[in-house]
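For reference, the structure discussed in these notes is given below.
The values are calculated or read from the model by the stated rules, or taken from the named source; none is laboratory data. These numbers come from a predicted model, not from an experiment. Every residue, glycine as well, gets a Cβ built from its backbone with ideal geometry; the counts of neighbours run over all protein chains shown. SASA here: full protein model, heavy atoms, side chains in, ligands and nucleic acids out. Shrake-Rupley method; radii C 1.70, N 1.55, O 1.52, S 1.80 Å.
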Amino acid sequence: MVVAVEPQLHHIVTDDGVRLALHRYPVPRGPAVIACHGLSANRLAFDPRPDRSLARYLAHAGFDVWLVELRGSGASERPRPLRWNFDDYLERDLPALIAAVRERSGQDEVSWIGHSMGGLVLYAYLATGGKHIRRGI
């Protein structure tokens, strides 16, 4: 079964002033799951169409799903000049995204699904002492 509702769009601002987009399929009191795209991708990696959507499948299964878009991707801001790197994702985007999802979902820990670079940035986050991740895929 597919979740028919469209995701809610939320925005947050990182500590260096970049506006990031989060797309939420909320399930009241469901465990929070963040899904992060790979390099040169966006949220559509997890939600390409309603009948082929990992995000909607997880929401139907009872998870509070958050599709994040790192700086320069999808509905997130593209900082000017166009210069950012992996460290910006790691040190600025991830902490802001995780804190926002924890606050808005009411969860102390979140699960993380990362595709390609979305997984690499999670590994780096955990290796540098990152907190509040229950599990990563």
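Any residue in segment 111-132 that is touching a residue at least 12 places away in the same chain (Cβ under 8 Å) and open to solvent by less than 70 Å² (accessible area, probe 1.4 Å) sitting within a Cβ distance under 9 Å of a residue that is assigned to a helix (DSSP H, G or I) and among the basic types (Lys, Arg)? List the pairs, counting only those 6 or more apart or interchain.
Listed by first residue and then by second, the contacts come to His132/Arg102.
When you scan segment 6-56, how many residues do you find that are surrounded by fewer than 18 Cβ atoms within 10 Å (Cβ to Cβ), outside any strand (DSSP E or B) and in contact with a Pro (Cβ under 7 Å, 6 or more places away or on another chain)?
0
Residues Leu67, Leu97: which one is touching a helix residue (DSSP H, G or I) at 6+ places or on another chain (Cβ under 6 Å) and either open to solvent by less than 20 Å² (accessible area, probe 1.4 Å) or in contact (Cβ under 8 Å) with a residue 60 or more places away in the chain (or both)?
Working: Leu97 fails: touching a helix residue (DSSP H, G or I) at 6+ places or on another chain (Cβ under 6 Å).
Unique residue meeting the criteria: Leu67.
Would you say Ser40 is more than 21 Å from Tyr123 (Cβ to Cβ) and polar (S, T, N, Q)? Before the answer, list the steps.
Details: more than 21 Å from Tyr123 (Cβ to Cβ): no; polar (S, T, N, Q): yes.
No: the conditions fail for Ser40.
Determine which member of the set Val13, Val33 is β-branched (Val, Ile, Thr) and over 17 Å from Gly118 (Cβ atoms).
On the way: Val33 fails: over 17 Å from Gly118 (Cβ atoms).
Selected residue: Val13, the only one of Val13, Val33 that is β-branched (Val, Ile, Thr) and over 17 Å from Gly118 (Cβ atoms).
If you go through segment 14-55 one residue at a time, how many are charged (D, E, K, R), more than 14 Å from Leu94 (Cβ to Cβ) and at pLDDT 95 or above?
Step one: of segment 14-55, the residues charged (D, E, K, R) are 15-16, 19, 24, 29, 43, 47, 49, 51-52.
From what is left, the residues that are more than 14 Å from Leu94 (Cβ to Cβ) are 19, 24, 29, 43, 47, 49, 51-52.
Still in the running and at pLDDT 95 or above: 19, 24, 43, 47.
Summing the residues that are charged (D, E, K, R), more than 14 Å from Leu94 (Cβ to Cβ) and at pLDDT 95 or above in segment 14-55 gives 4.
With in a helix (DSSP H, G or I) and either of a type outside the set (A, V, I, L, M) or surrounded by fewer than 23 Cβ atoms within 10 Å (Cβ to Cβ) (or both) as the only criterion, which of Arg80, Arg92 stands out?
On the way: Arg80 fails: in a helix (DSSP H, G or I).
None of the other options fit; the residue is Arg92.
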